[in-house]
Amino acid sequence: MKYTYMFVVLMSLMACKGGEENKEEESIDIQEEAIVDVDTMSMRLQTFQKQLLCNGKLEAVQKAELVCPNQGTMLEKVLVVNGQHVAKGTVLAIADMHTKSQDLDKAKHDLERSKVELQDKLIGLGYDGNLSNVPADVLKRMEITSGFYSAKFQLESAKKALADCKLIAPFGGRIANLEAHAFQNGSKFCTLIDDSSFDVEFKILEAELSFVSKGQKVKISPFVNKDNEYEGVVEEINPTIDDKGLVKIKARMKNSSAKLIDGMNVRVIVESAVPKMFVVPKEAVVERDGYHVVFMYDKQTQRAVWTYVDIMYSNLNEYAITGCERKETEIHEGDIVITSGNQNLADDTQVRASGENER
């Protein structure tokens, strides 16, 4: 009985020892599985591009609302369509010219008749047919009394009325909002838009006014395609603040693409360089316990070190950071920051840095 008891105790001890060894092996396996692959970068002081993001709208620098020629007269021809680009001086439409042509012929006839009467009056006063020999005051009086002066004015008016039967483009641009049709009467013809350059109007907060200056370059991209980016220059800063605490800014840009149109909504990025900042991609910063945190990579221990930071500035892709003032932490040039694989990291987690991504 005594030997049986000792045998049971011995077997129990061996079983416990074997269980502990299995647990240790499982623990080792878990630790090996917990190693996280990460990308890193070395901290260095560099210039940070601080960005101010605004919404704006494109407005053509030159735009005109054109009316039909000889309003109230039927249009004979409409020579353009919406979207068409026309040069300055292009004939856009022609109104009925029959009546105006008759008026011009009549004005020419009246002028010839009045010229004969003028000659007769001057001969009656003793002057020959050479008008250059007639004193200016006498000639002017005879032109009025003979009807020559009035007939000459009527001829010029008839020529202008006939010319006005054609609608001419006052500048080069694109046809928009075409309303007129051939063989119909109308008033508004179209909107002519010079889309070779655009003004971009946007608003900033009063506190951001020091961030913008006249002549400063801005980046402009349409909402429909943010990958297309254009450059503009600040032309105007309205010297007043509205009731919402906003200041109106206007920038001008050259149109180098047929994809930009008048009235298009765009995003405006105003940049300002801030020197000597520690710059990291936004993915490198995570939030823990209400603070911003980066994980430093300790080369000796190959572990992640939880480090509190403050964000000084941000743009679309990056943060400019410093040590956390409240937590009294510091960051230094040469520190290695984990830039990916950090979402589920904890302090002192073992990590494996990808050498080809370490920079």
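The values are calculated or read from the model by the stated rules, or taken from the named source; none is laboratory data. Predicted model only: the values in this text are computed from it and were never measured. Neighbour counts run over all protein chains shown; Cβ positions are idealised from the backbone, glycine included.
Residue by residue through the stretch 182-230, note down the ones that are buried (at least 17 other Cβ atoms within 10 Å of the Cβ) and under 30 Å from Met97 (Cα atoms).
Passing the criteria: Gly186, Phe189, Cys190, Thr191, Leu192, Ile193, Asp194.
Would you confirm, using the coordinates I've provided, whether Met74 is out of contact with any Lys or Arg (no Cβ under 8 Å at 6 or more places or on another chain) and surrounded by 17 or more Cβ atoms within 10 Å (Cβ to Cβ)?
On the way: out of contact with any Lys or Arg (no Cβ under 8 Å at 6 or more places or on another chain): yes; surrounded by 17 or more Cβ atoms within 10 Å (Cβ to Cβ): no.
Considered against the rule, which asks whether it is out of contact with any Lys or Arg (no Cβ under 8 Å at 6 or more places or on another chain) and surrounded by 17 or more Cβ atoms within 10 Å (Cβ to Cβ), Met74 comes out as no.
Matching residues to (1) touching a residue at least 40 places away in the same chain (Cβ under 8 Å); (2) exposed (fewer than 12 other Cβ atoms within 10 Å of the Cβ):
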{"residue": "Gly232", "(1), (2)": "no, no"}
{"residue": "Asp242", "(1), (2)": "no, yes"}
{"residue": "Ala273", "(1), (2)": "yes, yes"}
{"residue": "Lys282", "(1), (2)": "no, no"}
{"residue": "Tyr297", "(1), (2)": "yes, no"}
{"residue": "Thr307", "(1), (2)": "no, no"}
{"residue": "Ile311", "(1), (2)": "no, no"}
{"residue": "Ala320", "(1), (2)": "yes, no"}
{"residue": "Glu328", "(1), (2)": "no, yes"}
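Please enumerate the residues belonging to the stretch 238-287 that are on the phi > 0 side of the Ramachandran plot and either acidic (Asp, Glu) or not in a strand (DSSP E or B) (or both). Write out each step before concluding.
Pass one, the stretch 238-287, residues on the phi > 0 side of the Ramachandran plot: 245, 263, 276.
Scanning the stretch 238-287 gives Gly245, Gly263.
All but one of (1) under 16 Å from Asp164 (Cβ atoms); (2) touching a residue at least 24 places away in the same chain (Cβ under 8 Å); (3) not aromatic (Phe, Trp, Tyr) hold for Gln102; which doesn't?
Here Gln102 clears every test but (2).
Take the residues in the stretch 125-160 that are assigned to a helix (DSSP H, G or I) and modelled with pLDDT under 80; name whichever of them is farthest from the chain's Cα centre (by Cα).
So the residue we want is Asn133.
List every residue pair whose Cβ atoms sit under 9 Å apart, with the two residues 6 or more apart in sequence or on different chains, where the first one lies in the stretch 142-165 and is farther than 15 Å from Asp105 by Cβ and touching a residue at least 24 places away in the same chain (Cβ under 8 Å) and the second, anywhere, is buried (at least 20 other Cβ atoms within 10 Å of the Cβ) and of a type in the set (Phe, Trp, Tyr).
Hits for this filter: Met142/Phe148.
Can you say whether Glu65 is loosely packed, with under 13 Cβ neighbours inside 10 Å, in a strand (DSSP E or B) and either assigned by TED's automatic domain parsing to the domain that holds Ser146 or not basic (Lys, Arg) (or both), as far as the supplied structure shows?
yes
Please go through the stretch 315-334 and give me each residue that is closer than 17 Å to Asp289 by Cβ and part of a loop (DSSP other than H, G, I, E, B), ordered by number.
Across the stretch 315-334, the qualifying residues are Cys324, Glu325, Arg326, Lys327, Glu328, Thr329.
Has the stretch 341-353 got at least one residue that is under 35 Å from the mean Cα position of the chain (by Cα), in contact (Cβ under 8 Å) with a residue 24 or more places away in the chain and surrounded by 15 or more Cβ atoms within 10 Å (Cβ to Cβ)?
No: the stretch 341-353 contains no residue that is under 35 Å from the mean Cα position of the chain (by Cα), in contact (Cβ under 8 Å) with a residue 24 or more places away in the chain and surrounded by 15 or more Cβ atoms within 10 Å (Cβ to Cβ).
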